[in-house]
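Colleague: Here's a structure for you.
We did not get these values from a lab; they are worked out from the coordinates using the rules stated. Just so it is clear, the structure is predicted and the values come from calculations on it, not from any experiment. Every residue, glycine as well, gets a Cβ built from its backbone with ideal geometry; the counts of neighbours run over all protein chains shown.
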Amino acid sequence: MRRITAKLLLTLVCVSVGAPSATATPAAEPLLPHKAVYALSLGNLSASSSVVEAAGRFEFEWSDVCDGWAVNQRFRIALLYEEGLTVSFGWSLSSWESKDGGRYRFFIRRFDDAGESQDVRGDAELGPDGSGTAVFHDPERREVALPAGTLFPTRHTLYVLENAVSDATSTWALVFDGSGDEGLFGVSAALSRRLPPGAPPPLPNPLLRDVPSWRVNLAFYGAEAASVEPEQEQGLRLFANGVVDEMSLDYGDFVLTSELLELSPLPAPDCGGRF
């Protein structure tokens, strides 16, 4: 079974050819700071899978905090196996990313049903040439070199939206979000189909009404890309305002599917003319 890791929902895709520049062309639709709540359940199974049932919840908040974007995620899942064993675990993630895409801070807490947890905390910065360094402070101090062209999660989302608008069909990027062993991984993405404004979403909501969206298929690889098999695959529907729906998370032996239960806007910050 592929390992379940705390891949950020905002980690999507990048430009089709070469590394992105420091400046970005605005997406056609303004990003929507929002809170979304998803129910997780069991989807497809492989013939060798011993998982018989799954249930969970995923909460996601994406906020504008004047000098950057703040993301908070909470994920919890329980898996029931054929022999009657139930395993539950989850993670929470809080992060901040500067609006110029050059700085990033993160705090991840992983936990299991035995009450044990592990905290991961760090920050990262990119220089003028697009390369940089990530520093993990907990559970132990260590540094990870970030190659030129590395993206942080929100900058990554902006690029997928720009490429979606320009009808790009496939992309590759290195992304750092702090999850996994090194926090750095490659993302291959395919934009398979554009849905016109007004195409009905599963959750009727005025925030999604008349907003274009795209089908996106993602594959996550180790940063060295030595393996031909991805660590994880995802499918989702991405709206032009940054909202995600219809997620499927493929872990090899089984697939988790999601249902968007709640979607609400978050208030705009009072920046007082500082930014």
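Colleague: Label point 7 Å out from Asp138 along Cα-to-Cβ: which residues of the range 80-119 have amide N under 19 Å?
Modeller: 90-97, 104-119
Colleague: Within the chain, which is the longest segment that contains none of the trypsin sites (Lys or Arg not before Pro) sitting in a DSSP loop with at most 11 other Cβ atoms within 10 Å?
Modeller: That would be 4-140.
Colleague: Return the loop-located GluC sites (Glu not before Pro) in the range 181-272 (DSSP other than H, G, I, E, B) with at most 12 other Cβ atoms within 10 Å of their own Cβ; answer none if there are none.
Modeller: Of the GluC sites (Glu not before Pro), the ones in loops of the range 181-272 whose Cβ has at most 12 other Cβ atoms within 10 Å are Glu224.
Colleague: To continue, here is another question. Given a Förster distance of 35 angstrom, what is the FRET efficiency for Asp129 paired with Ser170, based on the Cβ-Cβ distance and rounded to 0.05? Don't jump to the answer; show the numbers that get you there.
Modeller: Working: r = 26 Å, r/R0 = 0.73.
The value I calculate is 0.85.
Colleague: Still on this structure, I have one more. Return, for the Cα atoms of the range 34-261, the radius of gyration and Dmax in Å, separated by a comma.
Modeller: Rg and Dmax of the range 34-261, Cα atoms, are 18.0, 55 Å.
Colleague: Okay, moving on. Once both labels are modelled 7 Å past Cα along the beta-carbon direction, what's the Asp210-Ser50 spacing in nm?
Modeller: Taking the simple label geometry, Asp210 and Ser50 are separated by 5.4 nm.
Colleague: Taking the simple approach of a point 7 Å from Cα along Cα-to-Cβ for both Val65 and Ser88, what is their distance in nm?
Modeller: Distance between the two pseudo-spin positions: 2.9 nm.
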